[in-house]
1. Only residues that are in a strand (DSSP E or B), over 14 Å from residue 88 (Cα atoms) and at pLDDT below 95: list them for region 18-47, please.
2. For region 64-76, indicate whether the set of residues that are part of a helix (DSSP H, G or I), in contact with a strand residue (DSSP E or B) (Cβ under 8 Å, 6 or more places away or on another chain), within 22 Å of residue 136 (Cα to Cα) and modelled with pLDDT of 95 or more is non-empty.
3. For residue 6, only one of the following conditions fails: (1) closer than 16 Å to residue 134 by Cα; (2) surrounded by fewer than 19 Cβ atoms within 10 Å (Cβ to Cβ). What is its number?
4. Out of the residues in region 14-28 meeting the condition of being more than 9 Å from the chain's Cα centre (by Cα) and closer than 23 Å to residue 97 by Cα, tell me which one is surrounded by the most Cβ atoms within 10 Å (Cβ to Cβ).
5. Which condition breaks for residue 127 when tested against (1) touching a strand residue (DSSP E or B) at 6+ places or on another chain (Cβ under 7 Å); (2) more than 15 Å from residue 9 (Cα to Cα); (3) at pLDDT 95 or above?
6. If you check residue 105 against the conditions, is it assigned to a helix (DSSP H, G or I) and either over 14 Å from the mean Cα position of the chain (by Cα) or buried (at least 17 other Cβ atoms within 10 Å of the Cβ) (or both)?
7. Taking the stated definitions as given, is residue 121 over 21 Å from residue 9 (Cβ atoms) and surrounded by fewer than 17 Cβ atoms within 10 Å (Cβ to Cβ)?
8. State the number of residues belonging to region 91-102 that are under 17 Å from the mean Cα position of the chain (by Cα) and not in a helix (DSSP H, G or I).
């Protein structure tokens, strides 16, 4: 089941990133890419954003990836929702930053110019668990 959850994460392009600071939750729609084994999820943001400030003050995050857009509107209860819990990690290794940038631009070419701006930061989320909900009742949880 874990491999099916990872495959769902690898196939999608957008997620909702949930961060928290001072007890206040904040959600952001984000383009992302994963590493080969889906252990790390890569994103990019501007350093002055609420989400980035939250990541610095509280590195625990949750990502939501779903299949709503693929579903027949007459069968909305067949959608899958994948929640990935993880930890934000700052990346100082230039080789790793280059890999993250390459993966993001391969997946989302429109991000190339944005990533190269001086006030942007690459985000690496290290996955700690996966929870998939198939429809309303079938749920599977895996720690990594």
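1. Of everything in region 18-47, just one residue is in a strand (DSSP E or B), over 14 Å from residue 88 (Cα atoms) and at pLDDT below 95, namely 24.
2. Narrowing region 64-76 to residues part of a helix (DSSP H, G or I): 68-70, 76.
Okay, now just the ones that are also in contact with a strand residue (DSSP E or B) (Cβ under 8 Å, 6 or more places away or on another chain), so none.
Within region 64-76, not a single residue is part of a helix (DSSP H, G or I), in contact with a strand residue (DSSP E or B) (Cβ under 8 Å, 6 or more places away or on another chain), within 22 Å of residue 136 (Cα to Cα) and modelled with pLDDT of 95 or more.
3. If we test residue 6 against (1) closer than 16 Å to residue 134 by Cα; (2) surrounded by fewer than 19 Cβ atoms within 10 Å (Cβ to Cβ), just (2) comes out false.
4. 19
5. Residue 127 satisfies all of (1) touching a strand residue (DSSP E or B) at 6+ places or on another chain (Cβ under 7 Å); (2) more than 15 Å from residue 9 (Cα to Cα); (3) at pLDDT 95 or above except (2).
6. yes
7. It is false that residue 121 is over 21 Å from residue 9 (Cβ atoms) and surrounded by fewer than 17 Cβ atoms within 10 Å (Cβ to Cβ).
8. 1
The values are calculated or read from the model by the stated rules, or taken from the named source; none is laboratory data. In this text, all values refer to a predicted model and were calculated from it rather than measured experimentally. Cβ coordinates were reconstructed from backbone atoms using ideal geometry, including for glycine residues, and neighbour counts include every protein chain displayed.
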